[in-house]
Each structure stands twice: as structure tokens, then as C-alpha cells.
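To keep things clear, I will list the structure first and then write my remarks on it.
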Amino acid sequence: MITIRRLFTHIEDIFHEFGPVVPKPLRRGAIAAVMTNPFAGRFVPDIAPFMEELKPVGLMLAKKLIAGLQCAAADIQSYGKAAIVGAAGELEHGALWHAPGGYGMREALGWKSDAVTGGGAQPGNALAIVPSTKKVAGPGATIDVPLTHLNASYIRSHLDAIEVRIPGAPAADEVAYILVMSLGPRIHERLGGLRVDEIKRWDGQR
Amino acid sequence: MIAAIRKIVVQIDEVRTEMGRAVEPPTRRAVAMAVIANPYAGRFSDNLDLLTSIGEELGGLLGAKCVEALGIQPERAQSYGKAAIVGEGGELEHAAALLHPKMGATLRQAVSHGAALVPSAKKMGGLGTAIDVPLGHKEAAFVRSHFDAIEARVSDAPRANEIVVAIAVTDSGRPLPRVGGLQVHEIKGQDGLR
């Protein structure tokens, strides 16, 4: 059922935003799989099983994005996800991405399930919920994908967003599933709040 | 480096199916964009040499970014194109100074060789303006399967005193080309046209 028509990768290096040029540019990126929406054009009550089929897509996109960012998984500091559903689909088709996109990306970034760790708070990678946006839109629509720190959602320096746009997609019977990652905080972050070295609870939030 | 670069964006667009038909191998197009300060913003200057030198730098830098993103040897690059979007504090001639005098030579080095004209587009624009970068085969401009274009756009650029400079490189033509014309295997490669 998985038919990927296009893979779209976006990598950006930010050197400054009218402040001092940073010694190492901030690198951020996005990847999108433009796929056939198997539920386009009609109401299908039982769509949830498709999430299982999307799991390998989530993992594949996460690994491809890390490769595109030319870094190790451990270098990723924040993440987010999104879906743009073409005109013949419904918003719920975008929601199919939550579990396979989120867990696929977290798995690629070192997260271990409760079944492996025995549960409870633990220092580690990718503990935080993956923030997301979704919309139904036409080809070339833009979507602002939120970014938050992958271990603690409340880290203020990493609250960010990246705009994603795939020229010519999604067509009416398509859906674009998107993952985004950043190697650092906002380029000139200076608003205080919870810092990365202050993470204590390891509950994915603080 | 003469260019004051705020941001570099690289995109890779890989097409695997079209109208339900597999594209084997997938077509892959890269576009690399630099957001630079316009040294002539807000004033008329007869001499545009700074932008010409920046164009020379960026031809090599952005051409290499595309080749690297495609993960190919430079010889494997098949088509190319270039474009610029000038923020409202500049003028269209600033794009011409970047694109035309010296950019082609360094871009051709980045893709190992190129006998054909590098097709180009230019416009004035604001933040998030998109430009369609024309693409043509790098050895023979008349190869019909490689007539194409790819959009370039940076969501927060160009500011009024900035210019977005884009270079596109592919390792393929259009997906499922079937409108005839000069074919890749028919390239003579002498005049850059056929």
C-alpha cells in the first residue's frame, strides 16, 4: 500500500540573523515523503491499521534526514513532524503520522521503549513528545513545523519552527509526511528559561 | 570570501513514480540557495564588480553543494541552471552582475565540465518569493529530455538589502521523458547546443 512518489530533502545552514556571525552555523533540516493517500476520495472508517505500514517510512525518513544533515544521531538536539494532506483526503489521514513518524524518529535518535527500560524516568535521547502540525492543502502549500528539544519540551532556547514547502505536492490523492530536526537552538537565542544543562526530571518535559 | 552569507539552503528532490509508473532510476534534482547581503542596496552604483566577484564565488560554492547533496562525482551531473531574487532595496541589474559575467566558469568547474549555456532567471522579490530555476543539459542545450525547471525559495528571504542566489544541478532529466527531440546519446558536444 506504500507508494512513495517523491522524496524531498531540505538542509539549511544559518550563519547569522543580523546578529554576530556564529562560529559554527546552525544546521536544520526537513524531509518529506510524498505518498499516494490510500484513503483519498471516500470515507474509510477503519484507517488505523495503516499506521503499522507507515512505521518503516518513519524510520527510513529519520535515517535519511540524519544522513542529509551529515551528522551523528547524537548531534540532533530538537525535532518535529508534520503532514500535508492533499485535497481529496481528510485531516485524519494526516493524524496517521503521529505514531509512526514520532516513534520512528525517536527510535533513530536513541529512544528506548518502556518495555526495554522497565519504565520510569531515564536520562537518554528522544524522551520528549514530538511536536507537530497538520493541514489539508494544495500543491506547494507551506507548513510551519514546530521544533522542540528532544529530551525536554520546555527548553526555551530550542522552541523553534521551520517552514516546509514541497513545490508541486501534494496532489489531491497524495499526502506528504514530514520530519524535521535541528542541530542546535535558535541562532541568537537569549531569552533564558530552562537550559539544556538544567534537565533534571528526565520525563521528556523538564 | 567576499560574500556575506546569512543562510545556505540545499534541497534534493527525488522522483520515484509518476502517474503510477516507476521512475527507474529515480530522477534527482538539487538546488542550493545562498542568502547574501547586497553591497549595493539602497544606492545607484555604476560599478557592480563586487557582485560579479560574489557570483564567481557562489558558482563554485553552490555548485559543489548541489553535487555533494546528490552524492555523485561531478562528472555525473547532467543539467544545470541558475537564478537570483533581488530584495526591494536593489535592482534587477544586481542579479545580472551576479549571474552572468563570472558565475558560469566556477559552476562548470564544480560539475567538471559544461559546454552549454547555463540557463538563468532573475526577478525582484520579497520574503518567501519563489523563482523557477530553468534547467538544461550541461553539454548540449537542445537535449529535450533535460528541459526542466525547479523552484527555489527561502521563506525568510530576501530582506530588502539581500539577494537570494540559487544554483540547480541534476543527475537526470525529467521523469519518463517522451516528447522526442535530441537525445543524450546523440550529443555531439562541440558547440554547446547539440
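The values are calculated or read from the model by the stated rules, or taken from the named source; none is laboratory data. What you see is a predicted model; the values in this text were computed from it and never measured. FYI the Cβ positions are ideal-geometry reconstructions off the backbone, even for glycines, and counts take in every protein chain you see.
Of all residues in segment B:72-97, which are part of a helix (DSSP H, G or I) and either hydrophobic (A, V, I, L, M, F, W, C) or surrounded by fewer than 20 Cβ atoms within 10 Å (Cβ to Cβ) (or both)?
Residues satisfying the conditions are B:Pro74, B:Glu75, B:Arg76, B:Leu92, B:Glu93, B:Ala95, B:Ala96, B:Ala97.
Which strands (runs of 3 or more DSSP E) sit wholly inside segment A:107-206 and have at least 2 residues that are more than 14 Å from chain B (Cβ to nearest Cβ), within 16 Å of the chain's Cα centre (by Cα) and over 30 Å from A:Gly19 (Cβ atoms)?
A:132-136, A:174-182
In this structure, does B:Gln183 turn out to be touching a residue at least 40 places away in the same chain (Cβ under 8 Å) and in contact with a Lys or Arg (Cβ under 9 Å, 6 or more places away or on another chain)?
Taking the combined requirement at face value, the residue satisfies it.
Can you tell me which of (1) under 23 Å from B:Ile12 (Cα atoms); (2) away from chain A (no Cβ under 13 Å); (3) not charged (D, E, K, R) is the one B:Ile187 doesn't meet?
(1)
Take the conditions within 14 Å of another protein chain (Cβ to nearest Cβ), among the hydrophobic types (A, V, I, L, M, F, W, C) and under 30 Å from A:Pro23 (Cα atoms) and apply them to B:Ala84. Does it pass?
Taking the combined requirement at face value, the residue does not satisfy it.
Looking at A:Ala67 and the list (1) among the aliphatic types (A, V, I, L, M); (2) away from chain B (no Cβ under 12 Å); (3) without any contact (Cβ under 8 Å) to a residue 60 or more places away in the chain, which single condition is not satisfied?
A:Ala67 satisfies all of (1) among the aliphatic types (A, V, I, L, M); (2) away from chain B (no Cβ under 12 Å); (3) without any contact (Cβ under 8 Å) to a residue 60 or more places away in the chain except (2).
Count, please, the residues in segment B:147-184 that happen to be within 14 Å of another protein chain (Cβ to nearest Cβ), more than 17 Å from the chain's Cα centre (by Cα) and in a strand (DSSP E or B).
Qualifying residue count for the region: 1.
Please pick out the residue among B:Ala41, B:Ala69 that is within 14 Å of another protein chain (Cβ to nearest Cβ), outside any loop (DSSP other than H, G, I, E, B), modelled with pLDDT of 95 or more and crowded, with 17+ Cβ neighbours inside 10 Å.
Just one listed residue meets the conditions, B:Ala69.
Could you please give the count of residues in segment A:91-108 that are surrounded by 22 or more Cβ atoms within 10 Å (Cβ to Cβ) and either over 21 Å from A:His158 (Cα atoms) or in contact with a helix residue (DSSP H, G or I) (Cβ under 6 Å, 6 or more places away or on another chain) (or both)?
Selection size over segment A:91-108: 9.
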